[in-house]
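Chemist: Just dropping this structure here.
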Amino acid sequence: MVTDLAGSTRLGRMNNVLVVDDEPNVVAVVQEMLSSENYNIITAYSLAEAKSIIRRQNINLVLTDLLLGDGSGIDVLQEAHQFHPDSQVILMTGRPTIQNAVEVIKRGAYDYLVKPFALETVKMTLGRAAEKIRLEQENIKLRELMSFYQISEAMGSIIELDQLLNLILKTAIKEYESDVAAIFYTDEEIGLYLKSSIGLGDDEFYRMLTDHCYEISLQSISSSSALVINDPDIDFTWWERSIKSTMCQPFQAKGKILGTLVVVRTQNTHPFSHGQLAGLSLLSSKAATAVENSNLYEDLKKTYIATVEALANAVEARDSYTRGHTERVYLLACAIAEELEWSKKQLGDLKIGALLHDIGKIGVPDSILNKPGPLTPEEAEIMKNHPTTGAKMVESIEFLRPALPYILYHHERHDGTGYPLGLAGESIPLPGRLLAVGDTMDAITSDRPYRKGRALELAVEEIMRNSGTQFNPVVADACLSAYNKGKLNFLFP
Ligand SMILES: [Fe+2]
């Protein structure tokens, strides 16, 4: 059974009331009695007809005779509760017994009316049942709002998309008492694919379940509507697990569908209700915001990196002997940082830092920068200003700030005789300790106008010989380790 979201949005304004009786006169009287009320009346004259209606459309209230020509009102009640768990059912009978009354209430009926009944009695009973539905839905909404508030809070502090999607999936599992939650993405080139999920294993049952979620996502996207499926076409049971109920909500941004959020019950036997679709819609809109923010952030990051590369190129363009220096320093430092097990975030900062580390050379005159021979003491002093000049250039630019420790500290030495601050040992920030090794490695192996570049092996020997004086021993050891693993060979292709 597939029902669209329209059924549940109507709920707030007008309840769908199914009246079932095998006596057409009774149906006509009830219809007449309720004609002035704010109900959408649907009629059925048999159990079979009632079942068919219940499976096809959203029903909020049911008023059914206990004895029908082809079955019992209790069958109507069970069918209504299976397909619309938040519906309320009222039984009617002309032959009341205590046993009947107890039986129907035990089965979950809202109330029990004895025929013939007064107009006011029917109106009041239906009114109370409608109020109960409204209050239950308010409760669901409140609970959902709490979860959404928590997600909104988290979205302010978490930037990683995978972490956010995981939080949304966890909330979907908890909030909808589901066993599986999945997010599918749709892409113009590769189509629909599973992006993230919780509760999906890798045995045959889960493969079938993944296909099921995929098919429902396709349906949901092609109809641009939310779906509740309480009787899937496939009947598959695997170690007492089967698909009991599924809800799927597409999510979109700027009018374009980005994907779907699907929740499935495989062990929880209660079907999802239409009242829950609105909540799932809010939750999936959080997924849309997360994806949108992440895309914007990635675009911004690409722009930043392009800007940084342009700045780095501006420096290199002036210094004819060091072409490609910054890129090699980055790759060298990166290989050493991986030995030191740096995080993804640290490696990202390293890229900006390594590319910009000599940006301050923009302030060094061409005559000094491109001098073929050794520098005079005065010229060397001017050259030594480049870390401070570079730091001043980037300190006020927020997105370049991670580069600051690389720019400022890459000429500090472990023994405290470096520049510009003369820091020693652990007081040199980690980026400075790392880049000092990467920078020197590249300087030794590169050709200069007055000498040829030396072999990689000799450069590593030089680093180890100066470990503990010029270089931090931990970083020097990591360099040796990267070399021994062959990770620095790209310098000599
Ligand atoms: Fe430098």
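Chemist: Residues Leu167, Leu145: which one is at pLDDT below 90, in the same structural domain as Leu277 (by TED's automatic domain parsing), in contact with a helix residue (DSSP H, G or I) (Cβ under 9 Å, 6 or more places away or on another chain) and assigned to a helix (DSSP H, G or I)? Spell out the reasoning first.
Modeler: Details: Leu145 fails: in the same structural domain as Leu277 (by TED's automatic domain parsing).
Leu167 is the lone residue from the list that is at pLDDT below 90, in the same structural domain as Leu277 (by TED's automatic domain parsing), in contact with a helix residue (DSSP H, G or I) (Cβ under 9 Å, 6 or more places away or on another chain) and assigned to a helix (DSSP H, G or I).
Chemist: Could you check Thr121 against (1) hydroxyl-bearing (Ser, Thr, Tyr); (2) under 16 Å from Met33 (Cα atoms); (3) outside any helix (DSSP H, G or I) and say which number it fails?
Modeler: (3)
Chemist: Still on this structure, I have one more. If you go through the range 358-377, how many residues are more than 20 Å from Tyr330 (Cα to Cα), part of a helix (DSSP H, G or I) and within 12 Å of the ligand (Cβ to nearest atom)? Outline the logic, then answer.
Modeler: Going through the range 358-377, the residues more than 20 Å from Tyr330 (Cα to Cα) turn out to be 363-377.
Still in the running and part of a helix (DSSP H, G or I): 363, 366-369, 377.
With within 12 Å of the ligand (Cβ to nearest atom) added as a condition, the list becomes 369.
Of the residues in that region, 1 qualify.
Chemist: Let me ask something additional. Could you tell me whether Leu458 is closer than 19 Å to Tyr330 by Cβ and either within 13 Å of the ligand (Cβ to nearest atom) or not aromatic (Phe, Trp, Tyr) (or both)? Write out each step before concluding.
Modeler: On the way: closer than 19 Å to Tyr330 by Cβ: no; either within 13 Å of the ligand (Cβ to nearest atom) or not aromatic (Phe, Trp, Tyr) (or both): yes.
When the stated conditions are applied, Leu458 does not pass them.
Chemist: Continuing with this model, one more query. Taking the conditions exactly as written (farther than 20 Å from Asp22 by Cα and surrounded by 14 or more Cβ atoms within 10 Å (Cβ to Cβ)), does Ala129 satisfy them or not?
Modeler: Working: farther than 20 Å from Asp22 by Cα: yes; surrounded by 14 or more Cβ atoms within 10 Å (Cβ to Cβ): yes.
Considered against the rule, which asks whether it is farther than 20 Å from Asp22 by Cα and surrounded by 14 or more Cβ atoms within 10 Å (Cβ to Cβ), Ala129 comes out as yes.
Chemist: Can you name the residue in the range 348-357 that is part of a helix (DSSP H, G or I) and touching a helix residue (DSSP H, G or I) at 6+ places or on another chain (Cβ under 7 Å) and is also farthest from Glu338 (Cα to Cα) among such residues?
Modeler: Within the range 348-357, the subset part of a helix (DSSP H, G or I) is 348-356.
Retained after the next criterion (residues that are touching a helix residue (DSSP H, G or I) at 6+ places or on another chain (Cβ under 7 Å)): 349-356.
On the way: Asp349: 13, Leu350: 11, Lys351: 13, Ile352: 16, Gly353: 16, Ala354: 15, Leu355: 17, Leu356: 20 Å.
If we take residues in the range 348-357 being part of a helix (DSSP H, G or I) and touching a helix residue (DSSP H, G or I) at 6+ places or on another chain (Cβ under 7 Å), then Leu356 is farthest from Glu338 (Cα to Cα).
Chemist: Pairs, please: C-beta under 9 Å, at least 6 apart or cross-chain, first residue under 13 Å from Asn489 (Cα atoms) and in the range 452-470, second acidic (Asp, Glu)?
Modeler: Ala459/Asp442
Chemist: Within the range 33-78, how many residues turn out to be in a helix (DSSP H, G or I) and either of a type in the set (Ser, Thr, Tyr) or under 16 Å from Leu113 (Cβ atoms) (or both)?
Modeler: Residues of the range 33-78 that are in a helix (DSSP H, G or I), as a first pass: 33, 47-56, 73-78.
If we keep only those that are either of a type in the set (Ser, Thr, Tyr) or under 16 Å from Leu113 (Cβ atoms) (or both) too, we end up with 33, 52, 73-74, 76-77.
Final tally of qualifying residues: 6.
Chemist: In the range 433-452, what residues are touching a His at 6+ places or on another chain (Cβ under 9 Å), under 18 Å from Met383 (Cα atoms) and more than 11 Å from the ligand (Cβ to nearest atom)?
Modeler: none
Chemist: Quick check on Asn466: is it among the polar types (S, T, N, Q), exposed (fewer than 14 other Cβ atoms within 10 Å of the Cβ), in the same structural domain as Lys345 (by TED's automatic domain parsing) and out of contact with any Gly (no Cβ under 9 Å at 6 or more places or on another chain)?
Modeler: No.
Chemist: In the range 197-226, which residue that is surrounded by 17 or more Cβ atoms within 10 Å (Cβ to Cβ) and in contact with a Pro (Cβ under 9 Å, 6 or more places away or on another chain) is farthest from Ala278 (Cα to Cα)?
Modeler: His212
Chemist: Continuing with the same structure: Cβ contacts < 6 Å: first residue closer than 16 Å to Gly438 by Cα and among the acidic types (Asp, Glu), restricted to the range 392-419; second residue at pLDDT 90 or above and surrounded by 14 or more Cβ atoms within 10 Å (Cβ to Cβ), any location; separation 6+ or different chain. Result?
Modeler: Qualifying pairs under 6 Å: Glu412/Gly418; Glu412/Leu423; Glu412/Ile428; Glu412/Gly432.
Chemist: Moving to a separate point now. Please specify each residue of the range 378-412 satisfying the condition of being part of a loop (DSSP other than H, G, I, E, B) and either among the aliphatic types (A, V, I, L, M) or within 13 Å of the ligand (Cβ to nearest atom) (or both). Before you say what the answer is, go through the steps one by one.
Modeler: In the first step, residues of the range 378-412 are kept if they are part of a loop (DSSP other than H, G, I, E, B); the result is 384-385, 395-397, 410-412.
If the condition is that a residue be part of a loop (DSSP other than H, G, I, E, B) and either among the aliphatic types (A, V, I, L, M) or within 13 Å of the ligand (Cβ to nearest atom) (or both), then Lys384, Asn385, Ile397, His410, His411, Glu412 are the ones that fit.
Chemist: From (1) within 15 Å of the ligand (Cβ to nearest atom); (2) touching a His at 6+ places or on another chain (Cβ under 8 Å), pick out the condition that doesn't hold for Ala424.
Modeler: Condition (1) is where Ala424 drops out.
Chemist: If you check Leu340, Leu355, which single one turns out to be aliphatic (A, V, I, L, M) and more than 16 Å from the ligand (Cβ to nearest atom)? Let's see the steps before the verdict.
Modeler: Details: Leu355 fails: more than 16 Å from the ligand (Cβ to nearest atom).
Testing whether each residue is aliphatic (A, V, I, L, M) and more than 16 Å from the ligand (Cβ to nearest atom) leaves just Leu340.
Chemist: Here's something else I'd like to know. Against the definition (within 16 Å of the ligand (Cβ to nearest atom) and in a helix (DSSP H, G or I)), how does Val291 come out, yes or no?
Modeler: Numbers: within 16 Å of the ligand (Cβ to nearest atom): no; in a helix (DSSP H, G or I): yes.
No; evaluated as a whole, the condition is false for this residue.
Chemist: Considering Ala172, Ala182, which residue is buried (at least 18 other Cβ atoms within 10 Å of the Cβ), in a strand (DSSP E or B), small (Gly, Ala, Ser) and in the same structural domain as Leu282 (by TED's automatic domain parsing)?
Modeler: Values: Ala172 fails: in a strand (DSSP E or B).
Criteria check complete, one pass: Ala182.
Chemist: Output the qualifying pairs, or none if there are none: Cβ atoms under 9 angstrom, residues six or more apart or on different chains, first residue in the range 32-44 and closer than 13 Å to Leu63 by Cα, second residue exposed (fewer than 11 other Cβ atoms within 10 Å of the Cβ) and among the hydroxyl-bearing types (Ser, Thr, Tyr).
Modeler: Pairs found: Ile41/Ser35.
The values are calculated or read from the model by the stated rules, or taken from the named source; none is laboratory data. The shown structure was predicted, so the numbers you read here are calculated from the model rather than taken from an experiment. Counting neighbours? That spans all protein chains shown, and the Cβs are built from the backbone with ideal geometry, glycine included.
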